[in-house]
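Let me begin by presenting the structure, written as C-alpha coordinates, before commenting on it.
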Amino acid sequence: MQTYEQVDNYMKALDLKYYKGTNEFLANLMLKTDKGYVKELADTLNSRAQGQNSDNEYFYKLKNRTLDGSLCVSAAFDSGLFRHLGNMIIDGKEYFHGTVLDIGCDCGLVSCFIAQQYPECKVVGVDKNEAAVNNAKELAERLGLANTEFVTADIYDFNLDEKADVATSFRGLLDIAQRQTSGVSVIGERGAREGAYQQAFLPLATAIGNNLKDGGTVISVERYTAMYGWLGWMQALAQNGICPLVEQCARMVAQDISSAKDYSVTFAQKNCNASPIEAYNYVMEKTFKSGAGVSGADAEFALYFDSDEIEFTDVYKGEKLLHQFAKAVSKGGKYMFYEADLDYRKLKYCNEKKKIKADEDFDRKLALYNKDEFKIKVYSVKS
Ligand SMILES: C[S@@+](CC[C@H](N)C(=O)[O-])C[C@H]1O[C@@H](n2cnc3c(N)ncnc32)[C@H](O)[C@@H]1O
(Lines give C-alpha, C1' and ligand atoms only; values in the text may rest on other atoms or scores of the structure.)
Protein backbone atom coordinates (compact mmCIF):
# COMPACT_ATOMS: atom_id res chain seq x y z
CA MET A 1 0.00 0.00 0.00
CA GLN A 2 1.01 3.61 -0.54
CA THR A 3 1.77 5.56 2.61
CA TYR A 4 2.30 9.26 2.96
CA GLU A 5 5.91 10.36 3.13
CA GLN A 6 5.34 11.68 6.66
CA VAL A 7 4.37 8.17 7.84
CA ASP A 8 7.46 6.52 6.33
CA ASN A 9 9.69 9.32 7.61
CA TYR A 10 8.33 8.90 11.13
CA MET A 11 9.01 5.16 11.01
CA LYS A 12 12.52 5.85 9.69
CA ALA A 13 13.23 8.44 12.37
CA LEU A 14 12.39 5.83 15.01
CA ASP A 15 14.30 3.13 13.15
CA LEU A 16 11.13 1.06 12.86
CA LYS A 17 10.70 -1.56 10.18
CA TYR A 18 7.72 -3.15 8.50
CA TYR A 19 8.82 -6.65 9.54
CA LYS A 20 8.13 -9.50 7.15
CA GLY A 21 8.58 -12.34 9.63
CA THR A 22 9.34 -13.36 13.19
CA ASN A 23 13.05 -14.05 12.67
CA GLU A 24 13.70 -10.58 11.28
CA PHE A 25 11.77 -9.06 14.18
CA LEU A 26 13.61 -11.05 16.87
CA ALA A 27 17.01 -10.31 15.30
CA ASN A 28 16.22 -6.60 15.33
CA LEU A 29 14.90 -6.76 18.87
CA MET A 30 18.20 -8.39 19.90
CA LEU A 31 20.10 -5.39 18.50
CA LYS A 32 17.95 -3.00 20.52
CA THR A 33 17.75 -4.96 23.77
CA ASP A 34 19.58 -8.09 25.01
CA LYS A 35 19.42 -11.87 24.80
CA GLY A 36 17.61 -12.36 28.13
CA TYR A 37 14.89 -9.88 27.18
CA VAL A 38 14.38 -11.41 23.73
CA LYS A 39 13.99 -14.87 25.27
CA GLU A 40 11.52 -13.64 27.90
CA LEU A 41 9.48 -11.79 25.29
CA ALA A 42 9.52 -14.68 22.79
CA ASP A 43 8.38 -17.11 25.52
CA THR A 44 5.60 -14.75 26.55
CA LEU A 45 4.45 -14.23 22.95
CA ASN A 46 4.45 -18.00 22.39
CA SER A 47 2.40 -18.73 25.45
CA ARG A 48 -0.05 -15.95 24.53
CA ALA A 49 -0.37 -17.41 21.02
CA GLN A 50 -1.23 -20.77 22.60
CA GLY A 51 -3.91 -19.11 24.70
CA GLN A 52 -1.95 -19.29 27.98
CA ASN A 53 -0.71 -16.38 30.06
CA SER A 54 -3.16 -13.84 28.68
CA ASP A 55 -2.29 -11.44 31.53
CA ASN A 56 -2.15 -8.21 29.56
CA GLU A 57 -0.75 -6.16 32.42
CA TYR A 58 2.27 -8.44 32.62
CA PHE A 59 2.72 -8.29 28.85
CA TYR A 60 2.59 -4.48 28.60
CA LYS A 61 5.02 -4.12 31.53
CA LEU A 62 7.43 -6.50 29.82
CA LYS A 63 6.96 -4.78 26.45
CA ASN A 64 7.78 -1.42 28.00
CA ARG A 65 10.94 -2.40 29.87
CA THR A 66 12.79 -0.07 27.48
CA LEU A 67 11.53 2.43 24.90
CA ASP A 68 13.45 0.92 21.98
CA GLY A 69 12.26 -2.59 22.84
CA SER A 70 8.67 -1.39 23.13
CA LEU A 71 8.80 0.46 19.79
CA CYS A 72 10.28 -2.61 18.14
CA VAL A 73 7.43 -4.81 19.44
CA SER A 74 4.87 -2.22 18.30
CA ALA A 75 6.47 -2.24 14.85
CA ALA A 76 6.18 -6.03 14.68
CA PHE A 77 2.53 -6.13 15.60
CA ASP A 78 1.28 -2.75 14.49
CA SER A 79 3.43 -1.37 11.69
CA GLY A 80 0.96 -2.60 9.04
CA LEU A 81 -1.83 -0.99 11.02
CA PHE A 82 0.29 2.09 11.66
CA ARG A 83 0.56 2.75 7.90
CA HIS A 84 -3.25 2.92 7.71
CA LEU A 85 -3.50 4.94 10.92
CA GLY A 86 -0.82 7.35 9.75
CA ASN A 87 -2.63 7.94 6.46
CA MET A 88 -5.96 8.25 8.26
CA ILE A 89 -4.56 10.80 10.72
CA ILE A 90 -3.16 12.89 7.87
CA ASP A 91 -6.41 12.65 5.85
CA GLY A 92 -8.49 13.50 8.93
CA LYS A 93 -7.05 16.99 9.43
CA GLU A 94 -10.50 18.53 9.88
CA TYR A 95 -10.90 16.52 13.12
CA PHE A 96 -7.52 17.23 14.70
CA HIS A 97 -7.68 20.52 16.53
CA GLY A 98 -7.56 21.63 20.16
CA THR A 99 -6.98 18.87 22.70
CA VAL A 100 -6.58 15.26 21.54
CA LEU A 101 -7.06 12.58 24.19
CA ASP A 102 -5.35 9.31 23.18
CA ILE A 103 -6.74 6.47 25.29
CA GLY A 104 -4.52 3.45 26.00
CA CYS A 105 -1.58 5.26 24.40
CA ASP A 106 1.02 2.62 25.38
CA CYS A 107 4.53 3.92 24.52
CA GLY A 108 3.08 6.87 22.59
CA LEU A 109 3.86 5.67 19.05
CA VAL A 110 0.60 7.01 17.61
CA SER A 111 0.09 9.87 20.10
CA CYS A 112 3.50 11.33 19.18
CA PHE A 113 2.74 10.99 15.46
CA ILE A 114 -0.46 13.01 15.95
CA ALA A 115 1.47 15.60 17.98
CA GLN A 116 4.14 15.84 15.28
CA GLN A 117 1.62 16.22 12.45
CA TYR A 118 -0.55 18.73 14.31
CA PRO A 119 1.79 20.94 16.35
CA GLU A 120 -1.09 23.32 17.12
CA CYS A 121 -2.88 20.47 18.98
CA LYS A 122 -2.18 19.43 22.54
CA VAL A 123 -2.04 15.62 22.72
CA VAL A 124 -2.80 14.01 26.08
CA GLY A 125 -1.97 10.29 26.19
CA VAL A 126 -3.42 8.19 29.00
CA ASP A 127 -2.39 4.68 29.95
CA LYS A 128 -2.66 2.78 33.21
CA ASN A 129 0.79 1.27 32.73
CA GLU A 130 3.42 3.58 34.26
CA ALA A 131 6.33 2.06 32.32
CA ALA A 132 4.47 2.73 29.03
CA VAL A 133 3.77 6.32 30.05
CA ASN A 134 7.44 6.89 30.96
CA ASN A 135 8.42 5.53 27.55
CA ALA A 136 5.87 7.81 25.85
CA LYS A 137 7.42 10.81 27.65
CA GLU A 138 10.89 9.71 26.54
CA LEU A 139 9.66 9.30 22.95
CA ALA A 140 8.15 12.81 22.94
CA GLU A 141 11.46 14.18 24.22
CA ARG A 142 13.45 12.25 21.63
CA LEU A 143 11.24 13.72 18.89
CA GLY A 144 11.51 17.22 20.36
CA LEU A 145 7.74 17.53 20.84
CA ALA A 146 6.49 20.32 23.07
CA ASN A 147 2.75 19.62 22.67
CA THR A 148 2.31 16.30 24.50
CA GLU A 149 1.37 15.30 28.00
CA PHE A 150 1.35 11.68 29.17
CA VAL A 151 -0.53 10.59 32.26
CA THR A 152 -0.57 7.30 34.17
CA ALA A 153 -4.24 6.74 34.91
CA ASP A 154 -7.10 4.30 34.59
CA ILE A 155 -9.32 5.79 31.89
CA TYR A 156 -12.44 4.72 33.83
CA ASP A 157 -11.46 7.22 36.59
CA PHE A 158 -9.86 9.87 34.44
CA ASN A 159 -11.12 13.44 34.09
CA LEU A 160 -9.44 16.09 31.96
CA ASP A 161 -9.49 19.60 33.42
CA GLU A 162 -10.58 20.92 30.04
CA LYS A 163 -12.58 18.50 27.88
CA ALA A 164 -11.06 17.16 24.66
CA ASP A 165 -11.98 18.08 21.10
CA VAL A 166 -11.01 14.61 19.88
CA ALA A 167 -10.70 11.28 21.70
CA THR A 168 -8.81 8.48 19.97
CA SER A 169 -8.50 4.79 20.76
CA PHE A 170 -6.23 2.70 18.59
CA ARG A 171 -6.52 -0.98 19.42
CA GLY A 172 -7.37 -0.01 22.97
CA LEU A 173 -10.79 -1.56 23.38
CA LEU A 174 -9.66 -5.18 23.51
CA ASP A 175 -7.45 -4.47 26.53
CA ILE A 176 -9.36 -1.68 28.20
CA ALA A 177 -12.65 -3.60 28.24
CA GLN A 178 -11.11 -7.05 28.71
CA ARG A 179 -12.74 -7.66 32.08
CA GLN A 180 -16.13 -6.29 31.00
CA THR A 181 -16.28 -8.40 27.82
CA SER A 182 -15.13 -11.61 29.48
CA GLY A 183 -17.77 -14.30 28.79
CA VAL A 184 -19.71 -12.27 26.18
CA SER A 185 -20.51 -14.63 23.29
CA VAL A 186 -18.94 -14.02 19.89
CA ILE A 187 -21.95 -15.59 18.15
CA GLY A 188 -25.70 -15.42 18.64
CA GLU A 189 -28.67 -13.38 17.48
CA ARG A 190 -27.19 -10.04 16.44
CA GLY A 191 -29.48 -7.77 18.47
CA ALA A 192 -28.94 -9.72 21.69
CA ARG A 193 -25.21 -10.27 21.13
CA GLU A 194 -24.46 -6.65 20.27
CA GLY A 195 -26.67 -5.54 23.16
CA ALA A 196 -24.39 -7.55 25.47
CA TYR A 197 -21.29 -5.87 23.96
CA GLN A 198 -23.01 -2.50 24.31
CA GLN A 199 -23.40 -3.13 28.06
CA ALA A 200 -19.77 -4.27 28.33
CA PHE A 201 -18.48 -1.15 26.52
CA LEU A 202 -20.83 1.30 28.23
CA PRO A 203 -18.51 2.26 31.14
CA LEU A 204 -15.71 3.11 28.69
CA ALA A 205 -18.03 4.98 26.32
CA THR A 206 -19.31 6.94 29.34
CA ALA A 207 -15.75 7.74 30.48
CA ILE A 208 -14.97 9.01 26.97
CA GLY A 209 -18.22 11.01 26.86
CA ASN A 210 -17.32 12.68 30.19
CA ASN A 211 -13.98 13.81 28.73
CA LEU A 212 -15.30 15.05 25.38
CA LYS A 213 -16.58 18.53 24.47
CA ASP A 214 -19.99 19.01 22.85
CA GLY A 215 -19.41 18.49 19.14
CA GLY A 216 -16.18 16.59 19.90
CA THR A 217 -15.16 13.59 17.81
CA VAL A 218 -14.27 10.01 18.74
CA ILE A 219 -11.98 8.15 16.35
CA SER A 220 -11.37 4.49 17.11
CA VAL A 221 -9.72 1.64 15.22
CA GLU A 222 -10.42 -1.64 16.95
CA ARG A 223 -10.25 -5.42 16.69
CA TYR A 224 -13.98 -5.57 17.46
CA THR A 225 -15.32 -5.83 13.96
CA ALA A 226 -18.44 -6.60 11.94
CA MET A 227 -18.08 -10.21 13.20
CA TYR A 228 -18.92 -9.15 16.73
CA GLY A 229 -18.66 -6.18 19.04
CA TRP A 230 -18.38 -3.25 16.64
CA LEU A 231 -22.09 -2.51 16.46
CA GLY A 232 -22.23 -2.81 20.27
CA TRP A 233 -19.34 -0.34 20.58
CA MET A 234 -21.13 2.20 18.36
CA GLN A 235 -24.34 1.63 20.37
CA ALA A 236 -22.49 2.27 23.66
CA LEU A 237 -21.10 5.53 22.23
CA ALA A 238 -24.55 6.50 20.91
CA GLN A 239 -26.04 5.87 24.36
CA ASN A 240 -23.68 8.66 25.48
CA GLY A 241 -24.87 10.96 22.68
CA ILE A 242 -21.80 10.20 20.50
CA CYS A 243 -23.26 9.09 17.16
CA PRO A 244 -21.49 7.73 14.08
CA LEU A 245 -20.33 9.92 11.22
CA VAL A 246 -21.71 7.36 8.80
CA GLU A 247 -19.55 7.97 5.74
CA GLN A 248 -16.29 8.06 7.70
CA CYS A 249 -16.82 4.60 9.24
CA ALA A 250 -15.08 1.72 7.49
CA ARG A 251 -13.65 -1.79 7.58
CA MET A 252 -9.87 -2.01 7.54
CA VAL A 253 -7.48 -4.91 6.97
CA ALA A 254 -3.86 -4.62 8.12
CA GLN A 255 -0.95 -7.03 8.05
CA ASP A 256 1.21 -7.84 11.07
CA ILE A 257 4.12 -10.29 11.29
CA SER A 258 1.79 -13.26 11.60
CA SER A 259 -1.40 -12.52 9.60
CA ALA A 260 -3.74 -10.00 8.03
CA LYS A 261 -6.20 -8.80 10.64
CA ASP A 262 -9.59 -7.07 10.43
CA TYR A 263 -10.25 -3.77 12.17
CA SER A 264 -13.28 -1.52 12.47
CA VAL A 265 -12.89 2.22 11.96
CA THR A 266 -15.38 4.35 13.87
CA PHE A 267 -15.76 8.10 13.55
CA ALA A 268 -18.46 9.45 15.86
CA GLN A 269 -19.45 12.87 17.12
CA LYS A 270 -21.13 14.19 20.23
CA ASN A 271 -24.49 15.74 19.46
CA CYS A 272 -25.12 14.37 16.01
CA ASN A 273 -27.89 11.90 15.28
CA ALA A 274 -27.12 9.03 12.88
CA SER A 275 -27.85 5.57 14.25
CA PRO A 276 -25.22 2.83 14.71
CA ILE A 277 -27.17 0.41 12.50
CA GLU A 278 -27.24 3.04 9.72
CA ALA A 279 -23.41 3.27 9.86
CA TYR A 280 -23.05 -0.51 10.10
CA ASN A 281 -25.32 -1.12 7.08
CA TYR A 282 -23.61 1.65 5.09
CA VAL A 283 -20.17 0.11 5.63
CA MET A 284 -21.31 -3.47 5.03
CA GLU A 285 -23.31 -2.64 1.90
CA LYS A 286 -20.32 -0.87 0.38
CA THR A 287 -18.14 -3.99 0.45
CA PHE A 288 -20.85 -6.67 0.20
CA LYS A 289 -20.72 -9.02 -2.77
CA SER A 290 -23.89 -11.06 -3.16
CA GLY A 291 -23.86 -14.56 -4.66
CA ALA A 292 -25.15 -18.07 -4.04
CA GLY A 293 -23.03 -18.25 -0.89
CA VAL A 294 -21.60 -15.66 1.50
CA SER A 295 -19.24 -16.19 4.43
CA GLY A 296 -17.88 -14.41 7.50
CA ALA A 297 -19.42 -11.15 8.70
CA ASP A 298 -21.08 -10.69 5.28
CA ALA A 299 -23.17 -13.84 5.88
CA GLU A 300 -24.79 -12.43 9.00
CA PHE A 301 -25.18 -9.01 7.36
CA ALA A 302 -27.02 -10.55 4.38
CA LEU A 303 -29.29 -12.58 6.67
CA TYR A 304 -30.58 -9.46 8.43
CA PHE A 305 -30.35 -6.97 5.59
CA ASP A 306 -32.06 -9.11 2.96
CA SER A 307 -35.00 -10.60 4.91
CA ASP A 308 -38.01 -9.50 6.95
CA GLU A 309 -38.08 -12.29 9.51
CA ILE A 310 -35.53 -14.89 10.64
CA GLU A 311 -36.16 -18.21 12.35
CA PHE A 312 -33.21 -19.16 14.55
CA THR A 313 -32.31 -22.55 16.01
CA ASP A 314 -29.61 -22.20 18.67
CA VAL A 315 -27.69 -25.12 20.17
CA TYR A 316 -26.40 -24.65 23.73
CA LYS A 317 -24.18 -26.75 25.92
CA GLY A 318 -25.01 -25.54 29.40
CA GLU A 319 -25.00 -21.74 29.11
CA LYS A 320 -22.64 -21.66 26.14
CA LEU A 321 -24.02 -21.12 22.64
CA LEU A 322 -22.11 -23.52 20.37
CA HIS A 323 -23.88 -23.58 17.05
CA GLN A 324 -26.51 -21.42 15.45
CA PHE A 325 -28.74 -22.15 12.45
CA ALA A 326 -31.20 -19.80 10.79
CA LYS A 327 -33.72 -19.85 7.96
CA ALA A 328 -35.28 -16.88 6.20
CA VAL A 329 -36.72 -15.84 2.85
CA SER A 330 -34.85 -13.12 0.98
CA LYS A 331 -36.52 -9.99 -0.36
CA GLY A 332 -36.04 -11.50 -3.85
CA GLY A 333 -37.92 -14.69 -2.83
CA LYS A 334 -34.88 -16.99 -2.37
CA TYR A 335 -34.55 -19.33 0.63
CA MET A 336 -31.70 -18.43 2.99
CA PHE A 337 -29.90 -21.00 5.15
CA TYR A 338 -27.45 -19.60 7.70
CA GLU A 339 -25.07 -21.35 10.01
CA ALA A 340 -22.55 -20.06 12.57
CA ASP A 341 -20.27 -21.57 15.14
CA LEU A 342 -17.34 -20.12 17.07
CA ASP A 343 -15.05 -20.29 14.00
CA TYR A 344 -17.12 -19.60 10.92
CA ARG A 345 -20.31 -18.17 9.48
CA LYS A 346 -21.91 -18.94 6.16
CA LEU A 347 -25.12 -18.25 4.31
CA LYS A 348 -26.55 -20.10 1.33
CA TYR A 349 -29.22 -18.79 -1.04
CA CYS A 350 -31.38 -21.59 -2.53
CA ASN A 351 -34.15 -21.83 -5.09
CA GLU A 352 -37.20 -24.10 -4.56
CA LYS A 353 -35.38 -27.17 -5.92
CA LYS A 354 -32.23 -26.78 -3.77
CA LYS A 355 -34.31 -25.95 -0.69
CA ILE A 356 -35.30 -29.63 -0.23
CA LYS A 357 -31.65 -30.70 0.06
CA ALA A 358 -30.79 -27.71 2.30
CA ASP A 359 -33.68 -28.60 4.65
CA GLU A 360 -32.42 -32.20 4.82
CA ASP A 361 -28.88 -30.96 5.61
CA PHE A 362 -30.28 -28.71 8.33
CA ASP A 363 -32.21 -31.63 9.94
CA ARG A 364 -29.19 -33.95 9.69
CA LYS A 365 -26.85 -31.43 11.39
CA LEU A 366 -29.35 -30.69 14.13
CA ALA A 367 -29.89 -34.41 14.78
CA LEU A 368 -26.18 -34.69 15.69
CA TYR A 369 -26.99 -32.87 18.93
CA ASN A 370 -28.33 -35.30 21.49
CA LYS A 371 -31.24 -33.61 23.30
CA ASP A 372 -30.09 -34.89 26.72
CA GLU A 373 -26.73 -33.18 26.41
CA PHE A 374 -27.59 -30.07 24.40
CA LYS A 375 -30.34 -27.51 24.74
CA ILE A 376 -32.10 -26.40 21.52
CA LYS A 377 -33.82 -23.03 21.40
CA VAL A 378 -36.04 -22.05 18.45
CA TYR A 379 -37.29 -18.48 18.06
CA SER A 380 -38.02 -15.81 15.43
CA VAL A 381 -36.89 -12.21 15.12
CA LYS A 382 -38.00 -9.43 12.78
CA SER A 383 -34.93 -8.31 10.85
C1 LIG B 1 -2.98 -2.48 22.45
S2 LIG B 1 -2.38 -1.28 23.52
C3 LIG B 1 -2.73 0.19 22.67
C4 LIG B 1 -1.79 0.53 21.59
C5 LIG B 1 -1.64 1.98 21.32
N6 LIG B 1 -2.90 2.69 21.31
C7 LIG B 1 -0.94 2.20 19.98
O8 LIG B 1 -1.63 2.63 19.06
O9 LIG B 1 0.25 1.94 19.87
C10 LIG B 1 -3.60 -1.18 24.82
C11 LIG B 1 -3.16 -0.29 25.96
O12 LIG B 1 -4.30 -0.06 26.83
C13 LIG B 1 -3.80 0.12 28.13
N14 LIG B 1 -4.92 -0.03 29.09
C15 LIG B 1 -5.59 -1.16 29.40
N16 LIG B 1 -6.56 -0.87 30.30
C17 LIG B 1 -6.51 0.47 30.55
C18 LIG B 1 -7.26 1.35 31.37
N19 LIG B 1 -8.27 0.92 32.12
N20 LIG B 1 -6.94 2.66 31.38
C21 LIG B 1 -5.89 3.12 30.61
N22 LIG B 1 -5.15 2.32 29.82
C23 LIG B 1 -5.45 1.01 29.77
C24 LIG B 1 -2.72 -0.96 28.25
O25 LIG B 1 -1.81 -0.66 29.30
C26 LIG B 1 -2.08 -0.88 26.85
O27 LIG B 1 -0.97 -0.03 26.83
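Scanning the stretch 197-219 for residues that are within 11 Å of the ligand (Cβ to nearest atom), buried (at least 20 other Cβ atoms within 10 Å of the Cβ) and not hydrophobic (A, V, I, L, M, F, W, C) returns no hits. Tell me, yes or no, whether the stretch 75-88 has at least one residue that is in a loop (DSSP other than H, G, I, E, B) and not small (Gly, Ala, Ser). No, the stretch 75-88 contains no residue that is in a loop (DSSP other than H, G, I, E, B) and not small (Gly, Ala, Ser). With respect to the conditions (1) surrounded by 20 or more Cβ atoms within 10 Å (Cβ to Cβ); (2) touching a Leu at 6+ places or on another chain (Cβ under 9 Å), Gly293 falls short on a single one, namely (1). Of the residues screened, Glu149 is one that is assigned to a strand (DSSP E or B) and either touching a residue at least 12 places away in the same chain (Cβ under 8 Å) or not hydroxyl-bearing (Ser, Thr, Tyr) (or both). The condition of being assigned by TED's automatic domain parsing to the domain that holds Gly241, more than 24 Å from Asp256 (Cα to Cα) and either in contact with a helix residue (DSSP H, G or I) (Cβ under 6 Å, 6 or more places away or on another chain) or more than 14 Å from the ligand (Cβ to nearest atom) (or both) holds for only one of Val124, Val184, Val151, that being Val184.
Matching residues to (1) in contact with an Asp or Glu (Cβ under 8 Å, 6 or more places away or on another chain); (2) of a type in the set (Lys, Arg); (3) away from the ligand (no atom under 12 Å from the Cβ):
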| position | (1), (2), (3) |
| --- | --- |
| Cys72 | no, no, yes |
| Asp78 | yes, no, no |
| Phe82 | no, no, no |
| Asn87 | no, no, yes |
| Asp91 | no, no, yes |
| Thr99 | yes, no, yes |
| Cys112 | no, no, no |
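Just one of the listed residues (Glu194, Glu189) is touching a Leu at 6+ places or on another chain (Cβ under 7 Å), surrounded by 18 or more Cβ atoms within 10 Å (Cβ to Cβ) and of a type in the set (D, E, K, R), namely Glu194. For the stretch 254-276, the count of residues that are in the same structural domain as Gly241 (by TED's automatic domain parsing), β-branched (Val, Ile, Thr), modelled with pLDDT of 95 or more and touching a Phe, Trp or Tyr at 6+ places or on another chain (Cβ under 9 Å) is at least one.
Let's see how each residue does on (1) at pLDDT 95 or above; (2) aliphatic (A, V, I, L, M):
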site	(1), (2)
Lys289	no, no
Leu303	yes, yes
Ser307	yes, no
Phe312	yes, no
Tyr338	yes, no
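More than 14 Å from the ligand (Cβ to nearest atom) and in the same structural domain as Ile103 (by TED's automatic domain parsing), is that true of Glu130? So Glu130 fails the test.
The values are calculated or read from the model by the stated rules, or taken from the named source; none is laboratory data. Remember, predicted model here, so these are calculated numbers, not experimental data. FYI the Cβ positions are ideal-geometry reconstructions off the backbone, even for glycines, and counts take in every protein chain you see.
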